[in-house]
Amino acid sequence: MYFDVKGKQVFATTGGKPFDNGKPTVVFLHGSGFDHTIWNLQSRFFAFRNYSVLVPDLPGHTHSQGPQLESIESMADWLNDVVEALEADNLSIVAHSQGCLIALEYAARYPDKMRSVTFVTSGLATPVNDFLLNAAEEDPEAAVAMMLSWGFGPAGQLHQGPIPGNSMVAAGRKVMRGNTPGALATDLKACNAYTNGKQSAAAVSGPIQVIVAGKDRMAPRKATTELIEHLTNPEVTLIPESGHIVPQEVPNQCRALLKTFIFSNNPAT
């Protein structure tokens, strides 16, 4: 669906059901250079179980009007504008990669509507090496290739995804190529500049879930361990064989973990 947020058009998928702000809402956030499609399987599951689902494209990504936002903090404030525009309540936020930094900042700044938060493959910060940053600005095709090479584990690289005939790498390449020019570079610079993780993590309250990938080459174990150490009583699960892009590489395991956690902490009637 399309809707207006402070004069800009925003797109969000709703999992195949009309958005109803009278129901508990599951908000899914995507990572750098991606869009709503990374959460297709999980979002549909919750939409058909009496939740409202909101999977927005960040500004300047795929269907949402730009310009892109240049800081994690501004993305968190934008998310609050989205929530207020739709009068959504009883939120469970589920975030991947860069989306986790946005969720971390949002949950610390705007706790009143929160019922739970899930961080999938992220750390307190996401430093980006100069080689990738330069490529994102000067040679986007090379940057996309690096991101997809590092992002998917063995199943993705060998095209052994859960959907027959579908290549996760090819699908990711199509999405990242199709984003508004500069989206990946802007995202990566925002991640690289974010330094408020420790303070925000300490301010996050309520039920917290962290999903860690055993073969993650983009959010290494040291980074995820640091995030876990600064959160209050998180529920932590390791998926040993997955790479960084858990929602697509192991969608059924991801969905099952989300189901148990969200059903318990933000039940739908």
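The values are calculated or read from the model by the stated rules, or taken from the named source; none is laboratory data. The shown structure was predicted, so the numbers you read here are calculated from the model rather than taken from an experiment. Please note: Cβ atoms are built from the backbone with ideal geometry, for glycine as well, and neighbour counts cover all protein chains shown.
Of note:
- Of residues in region 213-269 being in a loop (DSSP other than H, G, I, E, B) and of a type in the set (Asp, Glu), the one surrounded by the fewest Cβ atoms within 10 Å (Cβ to Cβ): Glu241
- Restricting region 14-66 to residues that are buried (at least 22 other Cβ atoms within 10 Å of the Cβ) and at positive phi, the residue that is modelled with the highest pLDDT: Gly15
- For region 41-57, filtered to residues that are touching a residue at least 60 places away in the same chain (Cβ under 8 Å) and among the hydrophobic types (A, V, I, L, M, F, W, C), the residue that is nearest to Cys254 (Cα to Cα) is Leu41.
- Search result, residues across region 85-99 that are closer than 24 Å to Leu258 by Cα and assigned to a helix (DSSP H, G or I): Leu86, Gln98, Gly99
- Filtered residue count, region 77-108, keeping only those that are without any contact (Cβ under 8 Å) to a residue 60 or more places away in the chain and either basic (Lys, Arg) or surrounded by 24 or more Cβ atoms within 10 Å (Cβ to Cβ) (or both): 2
- The sole residue among Val26, Val53 that is part of a strand (DSSP E or B), under 27 Å from Ala170 (Cβ atoms), among the aliphatic types (A, V, I, L, M) and under 16 Å from the mean Cα position of the chain (by Cα) is Val53.
- Look at (1) in contact with a Cys (Cβ under 8 Å, 6 or more places away or on another chain); (2) within 19 Å of Ile245 (Cα to Cα) and you find that Phe34 fails only one, number (1).
- Qualifying positions in region 65-82 - touching a His at 6+ places or on another chain (Cβ under 9 Å) and either assigned to a helix (DSSP H, G or I) or among the β-branched types (Val, Ile, Thr) (or both): none
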